[in-house]
């Protein structure tokens with residue numbers, strides 16, 4: 001990559017450290033999977049209301065959690081995004 005006629009080189013460790021920030025998605029998945037909307041009771045209720053072939057998955061849990069606690073979801077999303085983006089910019093600006 002060339003920036004203002006000066007070659008910019010990124011080390012492999014910098015690129016890998018930025019890819020590590022993708023693990024923040026695992027935190028969101030953990031929160032959704034531990035919520036009350038991914039419990040056995042929610043599974044049974046979905047099967048009763050929708051049909052036998054339906055299982056509440058990640059998208060269902062996330063939507064239900066956003067309806068149940070919208071401000072908490074927005075706050076967690078904002079904080080995780082700002083931290084990941086800030087650390088990524090810091091790593092590439094060195």
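Between the stretch 71-88 and the stretch 2-33, what's the alpha-carbon centroid distance in Å? Cα centroid to Cα centroid, the span is 15 Å.
Placing a pseudo-label 7 Å from each Cα along the Cα-to-Cβ vector at residue 87 and residue 55 gives an inter-label distance of 3.1 nm. Measure nothing but the geometry: give the 0 to 90° angle between the long axis through the Cα atoms of 58-68 and the longest principal axis through the Cα atoms of the chain, rounded to 10°. Roughly 80 degrees, rounded to the nearest 10. Against the chain, whose longest principal axis comes from its Cα atoms, helix 40-49 is set at around 60 degrees. Maximal additional length on extending the residue 44-residue 17 stretch stands at 5.6 nm, based on 0.36 nm per residue less the C-alpha distance. The long axis of helix 24-34 is offset from the longest Cα principal axis of the chain by roughly 10 degrees. Taking each DSSP H run with n ≥ 4 as -39500 (n - 2.57) and averaging over every residue of the chain yields -22000 deg cm²/dmol at 222 nm. In terms of the Cα gyration tensor, with a ≥ b ≥ c the square roots of its eigenvalues, is the stretch 10-93 rounded because a/c is under 1.5, prolate because a/b exceeds b/c, or oblate? Taking the square roots of the gyration eigenvalues as a ≥ b ≥ c, the stretch 10-93 is prolate.
Distance between the modelled labels on residue 33 and residue 8, one decimal in nanometres: 3.6 nm (7 Å Cα→Cβ projection). Using alpha-carbon pairs under 8 Å, 6+ residues apart, how would you state the relative contact order of the chain in percent? Rounded, it is 31 percent for the chain.
Averaged over residues, the count of other Cβ atoms within 10 Å places the peptides 31-42, 68-79 in the sequence 31-42, 68-79, highest first.
Values quoted throughout were computed directly from the atomic coordinates according to the rules given, and no laboratory measurement underlies them. What you see is a predicted model; the values in this text were computed from it and never measured. Virtual Cβ from ideal backbone geometry, glycine too; neighbours counted across all protein chains shown.
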